Ligand SMILES: Cc1cc2nc3c(=O)[nH]c(=O)nc-3n(C[C@H](O)[C@H](O)[C@H](O)COP(=O)(O)O)c2cc1C
């Protein structure tokens, strides 16, 4: 068995596999499928200061090799997280990464402050794809100024490891990655979903009530892999790669491209135990190819 441990900021992961935010809820349902302590880290759904209701239905539809979702970051808010979700998640021997969302810099900071002192929260993943209401609803993560402002503010509000989750809906992801690192981000994760839509020709209606949604699953993998490769070469902090990872081979490709860890998202909807199969498969790949430590394959594609 190869050594699988990796480090993201101050978070030590016993293996390089976590869950992609929003595709794993807060772990309760998935704990019936496998022991969550087997994961390198548990990454939970986006959490805001107050509860968010999300978008009207229908808010999910299938696409060739993927899915579109317009859930709208529905969640019960930070207080409910502390009272109802965290006590359950604390039972597991895996670090916890909490994805945070907001409509203003102040809201992100408030969530980081509310959860930052809680035992069992190891890191924050800032979802910078949310619209900034005070700046014409442009997503924070689409401009160097926006990403700098939010990362600096969250970093200043917590001692926990800060991971910035980059949006792929930009022209130059490397400049945004560099800005996040310059602002103090300890690590980066990418990619979030790609903006898309779907129309039903029979009914002549949009399939999502929200009209647009985020594309995920195998369809986005080549885009994600390219972005991880470009970003990992440009920055000196660890990268968590995600986007269309369904098998161990997919995960290995992201590690070869330069990711230190990977997250499994939509793949979990097809195979609820995908993350565990991927941990086992990475181990097997390392053994079969004569590697003793997963770190030996990070970024070695040529
Ligand atoms: C149903 C659903 C909900 C999601 N919710 C969140 C979220 O709350 N915060 C976030 O940063 N990303 C969210 N994402 C994006 C995923 O974490 C991931 O970045 C993206 O789906 C690409 O990975 P995948 O192709 O493996 O699913 C969500 C994705 C899906 C499909």
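Tabulated data for the structure shown
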quantity	calculated
Evaluation of residue 71 against (1) under 18 Å from the mean Cα position of the chain (by Cα); (2) under 28 Å from residue 260 (Cα atoms); (3) at pLDDT below 95 (one fails), failing number	(2)
Enumeration of residues in the stretch 73-99 that are away from the ligand (no atom under 13 Å from the Cβ) and in contact (Cβ under 8 Å) with a residue 60 or more places away in the chain	88, 89, 92, 94, 95
Search result, residues across the stretch 97-145 that are at pLDDT below 95 and in a strand (DSSP E or B)	131, 132, 138, 139
Selection within the stretch 19-75 - in a helix (DSSP H, G or I) and surrounded by fewer than 18 Cβ atoms within 10 Å (Cβ to Cβ)	31, 32, 37, 38
Those residues of the stretch 156-186 which are part of a loop (DSSP other than H, G, I, E, B), within 16 Å of the ligand (Cβ to nearest atom) and touching a strand residue (DSSP E or B) at 6+ places or on another chain (Cβ under 8 Å), in sequence order	166, 167, 168, 169, 185
Unique residue being within 26 Å of residue 54 (Cβ to Cβ) and more than 14 Å from the chain's Cα centre (by Cα) when the list is 207, 226	207
Test result for residue 124, more than 22 Å from residue 59 (Cβ to Cβ) and touching a strand residue (DSSP E or B) at 6+ places or on another chain (Cβ under 6 Å)	yes
Test: residue in the stretch 146-155 that is in contact with a helix residue (DSSP H, G or I) (Cβ under 8 Å, 6 or more places away or on another chain), crowded, with 18+ Cβ neighbours inside 10 Å and not in a helix (DSSP H, G or I)	no
Pair list, Cβ under 7 Å, 6 or more apart: the stretch 262-275 residue under 10 Å from residue 24 (Cβ atoms), other residue in a helix (DSSP H, G or I) and near the ligand (Cβ under 10 Å from one of its atoms)	264/274; 268/274; 275/268
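Conditions (1) near the ligand (Cβ under 9 Å from one of its atoms); (2) within 25 Å of residue 184 (Cβ to Cβ), marked per residue:
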{"site": "3", "(1), (2)": "no, no"}
{"site": "18", "(1), (2)": "no, yes"}
{"site": "22", "(1), (2)": "yes, yes"}
{"site": "39", "(1), (2)": "no, no"}
{"site": "51", "(1), (2)": "no, no"}
{"site": "64", "(1), (2)": "no, no"}
{"site": "71", "(1), (2)": "yes, no"}
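The values are calculated or read from the model by the stated rules, or taken from the named source; none is laboratory data. A quick note: this is a predicted structure, and the numbers were derived from the prediction, not measured. Cβ sites come from the backbone with ideal geometry, for glycine too, and all protein chains shown count toward neighbours.
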